[in-house]
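Reviewing the structure listed below.
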Amino acid sequence: MNQLPWHAEHWARLQARRQRDALPHALLICGMAGLGKREFAQRFVQGLLCQQSVDGDACRHCRSCLLFAAGTHPDLVSLSFGLRKDGVQRSEIVVDQIRELSARLAMSSQFGGWQVALIDPADAMNAAAANALLKTLEEPSAQTMLILLADAPWRMPPTIRSRCQRIEFHLPAEADALAWLQAEGVRDAAAALNAAGGNPGLARVWTQEGALDRRMEVRKDLTALAAGRGQPLEVVKRWLDSEPAQRLWFAAQAAADEIKTRATAGSGPLASALDVEALGHWYNAANRTRESLRGPLRGDLLLLELLAQWR
Ligand SMILES: [Zn+2]
């Protein structure tokens, strides 16, 4: 991936702090998925650990860089979902992991420089884990850096957030996003960017895995259902079979487009019988359903309930 243009400002500010010897002990790197938070964090950490970095970027051939590339740098701890005793991957970060991390950070650095801990996704810490991390944040040792990555920082306790220097990525300007997509060789960049709601990283991934076809299919399904054609049960099955969350995003987007087009052209492309207010409710319901898919309720029932309100 080439350098992301919307990272430049955050990068420059962070490196200026580094040069003033004013780096914080904890960074919270947040913003929606698809904007390159992970790449930013990796670049920063590698540059921090590098023994001869230039303008904050790693040299890529010193001993530290080689260990980093091999994933075995002794002064870097990366924390993500661990395994349960039965070998199944957990869906949250638990307190034992944080305790282990704090113990590692309490030891001295092998290279005599920074010790870095990366927690990703930090918004997946459970309450006990967050509590344990708070102690580490309250008593930072010199030359230690905690880096928290989160798509949804609001899920983390405010006490944690307030102790971190926040770096937040927002959607870039459309022209920047389009230029980057074109440089990445994405065909039909404008359509992809539109489908992804202006998120260039998402647009790139989606064009690689057929999301634009799925988007068209969702619109066709909604049009057919609005006309009284098509079987809701059959649509539910198809949506659940592949990328249901993405399909619901496209469904909500289609409802929003219907509202917009109606305001200018009188009728929308889906020919929905819902009035503008009902379309607005349905848009919200589609987004709520998308969130609920992660929960314990049955996806087929949630989807069926949503489609029953569509006409
Ligand atoms: Zn290096």
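The values are calculated or read from the model by the stated rules, or taken from the named source; none is laboratory data. If you're wondering where the values come from, they're calculated on a predicted model, not measured in any experiment. All Cβ positions, glycine included, derive from the backbone under ideal geometry; neighbour counts span all protein chains shown. These accessible areas exclude ligands, DNA and RNA; they are computed on the full protein's heavy atoms, side chains included. Shrake-Rupley method; radii C 1.70, N 1.55, O 1.52, S 1.80 Å.
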Might you tell me the accessible area per residue for the stretch 41-87, computed with a 1.4 Å probe and given in Å²?
56
Considering only the chain, what is the antiparallel percent among its DSSP beta bridges, to the nearest 5?
10
Give the calculated FRET efficiency between ARG155 and ARG187 to the nearest 0.05, with a Förster radius of 35 Å applied to their Cβ-Cβ distance.
0.45
Name the residue farthest towards the positive end of the dipole of the stretch 60-148 from the options ALA124, PHE111, LEU101, assuming +1 on Cβ of Lys and Arg, -1 on Cβ of Asp and Glu, about the Cα centre.
PHE111
Crossing angle, helix 8-19 versus the chain [Cα axis fit, 0-90 degrees, rounded to tens]:
20
If the only charges are +1 at each Lys and Arg Cβ and -1 at each Asp and Glu Cβ, what is the size of the charge dipole of the chain around the Cα centre, to the nearest 20 debye?
300
Take the solvent-accessible surface of the protein heavy atoms, probe 1.4 Å, and return the percent of it on the chain that carbon and sulfur atoms account for.
52
Using Cα springs under 10 Å in a Gaussian network model of the chain, which residue among THR207, THR289, THR261 shows the largest mean-square fluctuation?
THR261
Need the full-extension length gain, GLU92 to ALA70, defined as separation in residues times 0.36 nm minus the C-alpha distance. One decimal, nm.
5.3 nm
If you count only protein heavy atoms with a 1.4 Å probe, what accessible area per residue comes out for the stretch 210-308, rounded to a whole Å²?
54
Between ALA127 and THR261, how many nm apart are label points set 7 Å from Cα along the C-beta direction?
4.7
Can you tell me the dipole magnitude for the stretch 1-90 around its Cα centre, using point charges on the Cβ only (Lys, Arg +1; Asp, Glu -1), in Debye to the nearest 20?
220
If I take every Cα pair under 8 Å that is 6 or more residues apart in the stretch 188-267, average their sequence separation and divide by the length, what percent do I get for the relative contact order?
22
GNM flexibility winner over the chain from ALA142, ALA58, ALA255 (Cα, springs under 10 Å):
ALA142
Can you tell me, using C-alpha contacts under 8 Å and at least 6 residues apart, the relative contact order of the chain as a whole percent?
17
Taking a ≥ b ≥ c as the square roots of the eigenvalues of the Cα gyration tensor, with a/c under 1.5 meaning rounded and otherwise prolate when a/b exceeds b/c and oblate if not, the stretch 213-272 is oblate
Pop the C-beta distance of GLN19 and ALA175 into the FRET formula with R0 = 35 Å and round what comes out to the nearest 0.05.
0.70
Helix 127-138: inclination vs the chain longest Cα principal axis, degrees, rounded to 10, gives 40
From the square roots a ≥ b ≥ c of the eigenvalues of the alpha-carbon gyration tensor of the stretch 46-183, which class results: rounded (a/c under 1.5), prolate (a/b over b/c), or oblate?
oblate
Quick note, the chain: a/c under 1.5 would make it rounded; otherwise a/b > b/c is prolate and the rest oblate (a ≥ b ≥ c, C-alpha gyration tensor); here it is prolate
Just grab the label-to-label distance for ALA224 and GLN3, each label 7 Å out from Cα along the Cβ direction, in nm (one decimal).
4.9
List, in order, the whole-Hz ³J(HN,Hα) value for each residue of the stretch 24-36 obtained from phi through the Karplus relation with A = 6.51, B = -1.76, C = 1.60 and θ = phi - 60°; use x for Gly and Pro.
x, 8, 9, 10, 10, 9, 9, x, 5, 4, x, 9, x
Pick out which of GLN246, GLN97, GLN89 has the largest mean-square fluctuation in a Gaussian network model of the chain, springs linking Cα atoms closer than 10 Å.
GLN89
What is the gain in length, in nm to one decimal, between LEU293 and SER242 on full extension, counting 0.36 nm per residue of separation less the C-alpha to C-alpha distance?
17.1 nm
Heavy atoms of ARG204 accessible to a 1.4 Å probe, total area in Å² rounded to 10:
50
Lys, Arg +1 and Asp, Glu -1 on Cβ, resulting dipole of the stretch 89-155 about Cα centre, debye, nearest 20
120
The stretch 95-202: relative contact order as a whole-number percent, Cα under 8 Å and 6+ apart:
24
